[in-house]
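Asker: Structure incoming, see below.
Every number here is computed from the coordinates shown, using simple stated rules; none is lab data. Model, not experiment: these values are computed from the prediction. Positions of Cβ are generated from backbone atoms using ideal geometry, with glycine treated the same way; all protein chains shown enter the neighbour counts.
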Amino acid sequence: MSQGSSQAAGGRAPHRVVVIVDANSNPFELGCATEVFGLRRPELGRELYEFALCSPEPRTLMRDGLFTLTGVAGLDAADSADTLIVPNRPDIEVPRRPAVLDAVRRAHARGARLVGFCSGAFTLAEAGVLDGRRATAHWQWADDFRARFPGVRLEPDVLFVDDGDILTAAGSAAALDLGLHLVRRDHGAEVANAVSRRLVFAAHRDGGQRQFVERPVPDVPDESLAPVLAWAQERLDSPLSVPDLAARAALSPATLHRRFQAQLGTTPLAWLTGERLALACRLIERGVAPLTTVARHSGLGTTANLRALMRRETGLTPSAYRRRFGPAPG
């Protein structure tokens with residue numbers, strides 16, 4: 001299941017993503033990794049990643065014996081990964097195999113990016129690479145994780161944590177959120193949006209959103225926020241405010257806030273700022289200049305605000321983002 005034959009633009013090999021699959025691994029998160037990193041995307045005109053699965057054994061029995069995985073590379077394939085996704089499984093009390101933990105340690109020592117989906121945080125912590133670092137794990141295992149790994153700075157109520165070269169997702173669908181976040185980091189917002197459209201999945205949910213979002217059966221009339229979200233997304237360059245959103249939804253600001261928290265796990269202001277920043281990134285990638293125009297058309301107002309938000313959310317200045325993801329010089 002490797003895509004290692006073709007070359008990326010500029011003659012460089014694509015970023016290599018390797019997933020370690022071990023006994024009783026969860027098929028869902030494996031599927032998420034395959035969908036995000038393992039599929040060819042001819043519509044984009046380039047190969048985003050080289051992708052491979054590896055396992056410490058020739059035959060790997062997946063979670064609850066649902067099926068047996070065969071025909072993948074041996075564990076030594078992990079030694080060539082630029083990004084290594086570690087095993088996750090529901091039996092958190094069972095120690096990971098020493099060979100797998102050693103592969104994780106070697107990858108970390110040579111500077112590879114490490115990713116843990118759901119209980120994969122336990123694998124990273126057992127390998128000793130999370131000591132003193134930020135991480136998250138599924139909410140139902142938060143107490144167990146803290147008790148076993150007190151040296152890790154657990155953030156239990158978020159979708160995912162990006163701590164630079166080590167990233168963790170809370171579980172299940174949050175694996176898709178983190179996967180798209182990585183695509184955005186590696187290839188920019190426009191490519192991440194294209195991948196998310198193919199997945200029919202939200203292009204951007206901030207990692208700081210809550211894991212557990214209450215979704216009660218709605219009373220009539222429908223209380224979905226979808227209409228007001230779509231309305232706002234068409235007007236991001238306007239001076240929209242939370243009261244404007246509330247008025248459009250025919251709600252009080254307090255009620256709007258409660259519904260955002262219940263349905264999206266975030267606040268109206270945080271959602272609006274995130275949408276504006278995502279638009280600013282897309283404008284920069286399309287070659288819109290100068291930055292004053294980007295700031296104005298995205299609704300961020302000033303270049304100072306644009307710079308501060310981009311540095312906080314992407315780790316790059318607008319100029320650095322343009323150099324990395326903008327159009328090639330003519």
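Asker: DSSP loop trypsin sites (Lys or Arg not before Pro) in region 91-188 with at most 15 other Cβ atoms within 10 Å of their Cβ, which ones?
Answerer: Arg110
Asker: Under 5 Å between amide H atoms, partner at least 5 residues away or on a different chain: which partners does Leu114 have, H built in plane at 1.01 Å?
Answerer: Result for Leu114 returns Leu84, Ile166, Leu167.
Asker: Treating the angle as unsigned and between 0 and 90°, give the value, to the nearest 10°, between the Cα long axis of helix 98-109 and the longest Cα principal axis of the chain.
Answerer: With rounding to tens, the tilt is 50 degrees.
Asker: To make sure I understand, if each residue's beta carbon is the centre and we count other beta carbons within 10 Å, what order do Asp165, Asp76 fall in, fewest to most?
Answerer: Going from least to most buried by this count: Asp76, Asp165.
Asker: So what are region 34-189's ellipsoid semi-axes, whole angstrom, largest first, if each one is the square root of 5 times an eigenvalue of the alpha-carbon gyration tensor?
Answerer: Three semi-axes, in Å: 23, 20, 15.
Asker: Taking amide H atoms as placed 1.01 Å from N in the peptide plane, list the residues 5 or more away in sequence, or in a different chain, whose amide H sits under 5 Å from that of Ala13.
Answerer: So Ala13 has HN proximity to Ala8.
Asker: So, one more: Just Leu39, Leu316, Leu300 to compare: in a GNM of the chain, with alpha carbon springs under 10 Å, which one fluctuates most?
Answerer: Leu316
Asker: Not counting the cut sites, what is the longest span of the chain without GluC sites (Glu not before Pro) that DSSP labels loop and that have at most 14 other Cβ atoms within 10 Å?
Answerer: 94-213
Asker: Quick check: the angle from helix 268-285's long axis to the longest principal axis of the chain, C-alpha only, nearest 10 degrees?
Answerer: The angle comes out at about 80 degrees.
Asker: What is the helix-to-structure angle for 303-314, meaning the angle in degrees between its Cα long axis and the longest Cα principal axis of the chain, kept from 0 to 90 and rounded to the nearest 10?
Answerer: Taking Cα atoms only, the helix is inclined about 20 degrees.
Asker: Select from Val228, Pro290, Gly301 the residue farthest towards the positive end of the dipole of region 221-330; place +1 on Cβ of Lys and Arg, -1 on Cβ of Asp and Glu, and compute about the Cα centre.
Answerer: It is Pro290, whose Cα lies furthest towards the positive end.
Asker: Ignoring everything except DSSP H segments at least 4 long, calculate the 222 nm mean residue ellipticity for the chain; use -39,500 (n - 2.57) per segment, divide by total residues, nearest 500.
Answerer: Mean residue ellipticity, 222 nm, calculated: -11500 deg cm²/dmol.
Asker: Let me ask another. Which of Gly299, Gly116, Gly179 moves the most in a Gaussian network model of the chain with Cα springs under 10 Å?
Answerer: So, out of Gly299, Gly116, Gly179, the one fluctuating most is Gly299.
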